[in-house]
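The values are calculated or read from the model by the stated rules, or taken from the named source; none is laboratory data. As the structure is a computational prediction, the values presented were derived from the model and not from experiment. Ideal geometry is used to build each Cβ from the backbone, glycine not excepted, and the neighbour counts take in all protein chains shown.
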Amino acid sequence: MEGPTSHFYFSQRLRLHYVDWGNPDAPPLLMVHGGRDHCRNWDWVAERLRDRYHIIAPDLRGHGDSAWAIGGGYDLPAYVYDLAQLVHQKEMAPITIMAHSLGAAVSLSYAGAFSRSVKKLIAIEGLGPPPEMIEQMTKLTIEERLRAWVGDRRRNSGRLPRKYPNLEDAIARMEEENPHLSHEQARHLTIYGAHQNEDGTYSWKFDNYVRGGPGIGGLSPDEMHRLWSCITAPVLLARGAESWAADPVVDGRIQHFQNARRVNFEGAGHWVHHDKLDEFMREAEAFLAK
């Protein structure tokens, strides 16, 4: 596979990395990865679309080869700012976006706030926790939520990067996280998602402070729903039938969108674009071609 070229841009004084798959005269397509992932997780998808699109895939702050945020600033608005800066600096609007998990949540929020800048959006499991979990969270008072937030961040501060004796052990952990992956997929994702330490061991590239989910500085469920309702672009909501993510048709969240369609992929977990690549590409390409 002939891969992309690496580049950097700046957002809030952070040096953030992205890869460019070439074809600059084609329509721009932004691919945004999920939490504790990296931009090269899109390689198989990008390879199939690079002849028709100018594909840009960023590493979110604290992920991949992007800088870690001093002070651990990883709330959703911070990610949205970085995305907005990339689109603005590279003059990519109006943009088509394909995104997964955390990246999809960021992209949906961006599309709601900057609706004129987004042409189409494919969001793979980016709606966050299921409604019943959100309902439990909203029962907490602000002082309870703030105490929980402080405790959560304190625990993250005590986390040390896990070290694997060799690359094969790190690959085995990748396979354990997603049993749907082939060994070749797991190896590829690990090579780009881990670095070798000075002592010869391997650790994941992401900052442990990215863990922990939404914080006090994030957006409320009502605010998220409001942003979704402001999206004017067509939206494809992709979901793995074996994933933990709730079905937005069943729980009613799809009603917050003006123009959205949900597709379930049988035999796929959270990483639909890895688990069922051919099936996902058929749906994605048909959606993009309309």
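Key figures
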read-out	value
Members of segment 15-42 that are surrounded by fewer than 21 Cβ atoms within 10 Å (Cβ to Cβ) and out of contact with any strand residue (DSSP E or B) (no Cβ under 8 Å at 6 or more places or on another chain)	Gly35
Any hit, segment 50-61, residues being in contact with a Leu (Cβ under 6 Å, 6 or more places away or on another chain), over 26 Å from Glu285 (Cβ atoms) and either of a type in the set (Gly, Ala, Ser) or loosely packed, with under 15 Cβ neighbours inside 10 Å (or both)	no
Test: residue in segment 40-48 that is over 16 Å from the mean Cα position of the chain (by Cα), among the small types (Gly, Ala, Ser) and within 28 Å of Arg239 (Cα to Cα)	no
Selected residue (criterion: nearest to Asp275 (Cα to Cα)) from residues of segment 114-148 that are touching a helix residue (DSSP H, G or I) at 6+ places or on another chain (Cβ under 9 Å) and assigned to a strand (DSSP E or B)	Ile124
Segments classed as helices (runs of 4 or more DSSP H), wholly inside segment 191-290, with at least 1 members that are of a type in the set (Lys, Arg)	221-229, 277-289
Wholly enclosed strands (runs of 3 or more DSSP E) of segment 17-113 bearing at least 3 residues more than 23 Å from Ile231 (Cβ to Cβ) and among the basic types (Lys, Arg)	none
Every residue from segment 235-244 that is of a type outside the set (D, E, K, R) and buried (at least 19 other Cβ atoms within 10 Å of the Cβ)	Val235, Leu236, Leu237, Ala238, Gly240, Ser243
Given (1) at pLDDT below 95; (2) within 20 Å of Pro130 (Cα to Cα); (3) not acidic (Asp, Glu), index of the condition Lys290 fails	(2)
Any chance Arg36 is of a type in the set (D, E, K, R), without any contact (Cβ under 8 Å) to a residue 60 or more places away in the chain and under 25 Å from Ala67 (Cα atoms)	no
Segment 218-233 residues that are under 20 Å from Phe287 (Cα atoms), paired with ones that are charged (D, E, K, R) and at pLDDT 95 or above (beta carbon under 9 Å, 6 or more apart)	Trp228/Arg253; Thr232/Arg116; Ala233/Lys119; Ala233/Lys120
Long-range neighbours under 8 Å by Cβ, at least six apart or interchain, first residue closer than 12 Å to Asn208 by Cβ within segment 145-161, second part of a helix (DSSP H, G or I) and of a type in the set (Ser, Thr, Tyr)	Arg153/Tyr209; Asn156/Tyr209; Ser157/Tyr209
Selection from segment 97-127 of residues that are of a type in the set (Phe, Trp, Tyr) and closer than 12 Å to Leu237 by Cβ	none
Lone unmet requirement of (1) of a type in the set (Ser, Thr, Tyr); (2) crowded, with 19+ Cβ neighbours inside 10 Å; (3) under 19 Å from the mean Cα position of the chain (by Cα) for Tyr209	(2)
Residue that is farthest from Pro221 (Cα to Cα) [pool: residues in segment 237-282 that are among the acidic types (Asp, Glu) and within 19 Å of the chain's Cα centre (by Cα)]	Asp275
